[in-house]
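Beneath this line is the structure, given in structure tokens, with notes to follow.
No lab work stands behind these numbers, since they all come straight from the coordinates. Source: prediction; values computed, not measured. Here the Cβ positions follow ideal geometry from the backbone for every residue, glycine too, while neighbour counts run over all protein chains shown.
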Ligand code: 13P
């Protein structure tokens, strides 16, 4: 059976305790939209407070270290975010790759650490504008995933989501076209089926991220092989985020 659409808010480095009211509002409204799986990945400092507020929505982290503990000043392990209430972790986001020099090997190691800690994964991929213009986007993105996704995992389709986030679409107001999304998601689906088999690979949710907002959510979410959205800017207010959740719920009714 197909999993519910998955709408995840990535708050990035935004949010102090004053934003808990937004999380609460998102949680309460999501209770009326049970056909959609809703989650927020706040900064580390808010994981436990959001977890305590949340009755319905999932809470996750935006990164974790590849080691479970040790002398790593300033870092946070998968075990720690799980202890704080996180149920999933976003790994391989392009902002981590660009700002912290994260490469495929490290991201693969982080995936393993997160799975060991009992977390679900949202593994990100996405090409630069230069690569897209050069016609190399698909090869690059599938290469990233081949190098970072676990070889095998139990209950794959439940534990893994992939997020396709073209770098040029993040925070620019310029989402990818539905044609480009459909083509890339089809390539990712093929890779998932090759790796995990028809049933499990076919059911993994492939999220799209990059300038998703209430106005364009419907057309993106109804595109083939789109199983949800990873939302940055528009997830920072309950109003903006719930518009996207509502679009996903409406599509479930049609
Ligand atoms: P925006 O929705 O702000 O473009 O961010 C997308 C993103 O990077 C989510 O991880």
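With a Förster radius of 41 Å, plug the Cβ-Cβ distance of residue 140 and residue 250 into 1/(1 + (r/R0)^6) and report the FRET value to the nearest 0.05. Efficiency, from the Cβ-Cβ distance: 0.75.
For the range 57-194, the Kirkwood hydrodynamic radius comes to 15.6 Å, computed from all pairs of different C-alpha atoms.
Per-residue extension of 0.36 nm, minus the Cα-Cα distance of residue 183 and residue 13, leaves a gain of 58.1 nm for this segment. In terms of other Cβ atoms within 10 Å, 77, 30 run from fewest to most in the order 77, 30. Think of it as helices only: each DSSP H run of n ≥ 4 in the chain is worth -39500 (n - 2.57), and spread over all residues that comes to -13500 deg cm²/dmol at 222 nm. Panel order for 80, 13, by other beta carbons found within 10 Å of each beta carbon, from fewest to most: 13, 80. Calculated FRET efficiency, residue 75 to residue 222, Cβ-Cβ distance, R0 = 45 Å: about 0.65 to the nearest 0.05. Note on the range 88-141 and the range 220-244: Cα centroid distance 20 Å, given to the nearest whole angstrom.
Shape summary of the range 35-95, radius of gyration then Dmax from alpha carbon positions: 12.0, 43 Å. Radius of gyration over Kirkwood radius for the range 47-138, both on Cα atoms: the Rg/Rh ratio is 1.05. Annotation: the residues 63, 83, sorted from fewest to most other C-beta atoms within 10 Å of their own C-beta, follow the order 83, 63. Distance between the pseudo-spin-label points of residue 215 and residue 133 (7 Å out from Cα toward the beta carbon): 2.6 nm. The Rg/Rh ratio for the chain, using Cα coordinates for both the radius of gyration and the Kirkwood hydrodynamic radius, is 0.93. The largest-to-smallest principal axis extents of the Cα set in the range 1-106 are 43, 34, 23 Å. The range 1-43 and the range 144-208 have their alpha-carbon centroids 21 Å apart. Calculation over all alpha carbon pairs of the range 140-234 in 10 angstrom steps from 0 returns a P(r) of 17, 50, 28, 5 percent. Straightening the chain between residue 24 and residue 67 buys 12.3 nm, computed as 0.36 nm per residue apart minus the Cα-Cα spacing.
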